[in-house]
Amino acid sequence: MFENEKKSVLDAALEIKRNHLVALCGGNVSLRLPDGSVLVTPSGMMYEEMVPDDIVRVGPGGEILEGTRRPSSDTPALLYIFKNMPWVGAVIHTHQPWATAAGLVTDVLPACLVTQIDANRDDVHVAPFTPSGERQMGVLTVEYAFNAWAVILRHHGVMAYGPTLKDALFSAVYLEEAAQTYMIARAVGEIPALDPALVRAEADSWNHYGQQK
Ligand SMILES: [Zn+2]
């Protein structure tokens, strides 16, 4: 069941690898299905070696509904996010170096670049550290989300999410691009703040970006 959806999860996982947001088998990709169950990448497998049937389908309580692999060790955190952010359809967890580096030296990555505003929607906040694999990672993501489509997990990585898998992917990739630019600029000078009204205007313009659906 859900062959197309499993393939889209695997494609997104390969895309975060191609964009250097994870190394080896780090991170994970998850997608909420219409019946409320969730597809999640398996634990500790190289993305390049996965086939769609390696993607695991779990119920809201974490029970395995489909698949022979063990789901990502972060599944309890992912399920907490899906439960408590009903508008979220997909979550991508990465260890992307630039955004993670920013999270070591700042409490918030301010909305200061167009692609970041478009894809992350607002300032991206930094959540305090919690050991990986614990449900608390999901609790902190929900707590530090505010209006953004991503949260930086201090000493760890990023949770990027959105209504669709593509939204979550754009959020993760553009956050990394923005974090790199931000860190380079911050190393040599002050970063001017953008007027919040202009941030909103830019975020709204994204709603008209791309091909008509
Ligand atoms: Zn992680």
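Check Ile191, Ile184 and return the single one that is of a type outside the set (Gly, Ala, Ser), modelled with pLDDT under 95 and closer than 17 Å to Thr106 by Cβ.
Within the list Ile191, Ile184, the selection yields Ile191.
Could you identify the single residue in Thr106, Thr68, Thr41 that is surrounded by fewer than 14 Cβ atoms within 10 Å (Cβ to Cβ), out of contact with any Gly (no Cβ under 6 Å at 6 or more places or on another chain) and farther than 18 Å from Pro131 by Cα?
Only one candidate qualifies: Thr68.
From the list Glu3, Glu63, pick out the single residue that is farther than 20 Å from Lys166 by Cα, surrounded by fewer than 20 Cβ atoms within 10 Å (Cβ to Cβ) and acidic (Asp, Glu).
Selected residue: Glu63, the only one of Glu3, Glu63 that is farther than 20 Å from Lys166 by Cα, surrounded by fewer than 20 Cβ atoms within 10 Å (Cβ to Cβ) and acidic (Asp, Glu).
Pairs, please: C-beta under 8 Å, at least 6 apart or cross-chain, first residue of a type in the set (S, T, N, Q) and in segment 173-190, second assigned to a helix (DSSP H, G or I)?
Matching pairs, first to second residue: Gln180/Trp98.
With surrounded by fewer than 15 Cβ atoms within 10 Å (Cβ to Cβ) and out of contact with any Lys or Arg (no Cβ under 8 Å at 6 or more places or on another chain) as the only criterion, which of Tyr144, Tyr174, Tyr209 stands out?
Answer to the check: Tyr209.
Can you report the number of residues in segment 140-195 which are out of contact with any Pro (no Cβ under 7 Å at 6 or more places or on another chain), in a helix (DSSP H, G or I) and not β-branched (Val, Ile, Thr)?
22
Can you tell which of Thr115, Thr130 is out of contact with any Cys (no Cβ under 9 Å at 6 or more places or on another chain), of a type in the set (Ser, Thr, Tyr) and closer than 18 Å to Val173 by Cβ?
Exactly one residue qualifies, and that residue is Thr115.
List the number of the failed condition for Lys83; all other conditions in (1) more than 16 Å from the ligand (Cβ to nearest atom); (2) outside any strand (DSSP E or B); (3) touching a Phe, Trp or Tyr at 6+ places or on another chain (Cβ under 7 Å); (4) of a type in the set (Lys, Arg) hold.
The one condition Lys83 does not meet is (3).
The values are calculated or read from the model by the stated rules, or taken from the named source; none is laboratory data. Keep in mind that what you see is a predicted model, and the values were worked out from it rather than measured. Counting neighbours? That spans all protein chains shown, and the Cβs are built from the backbone with ideal geometry, glycine included.
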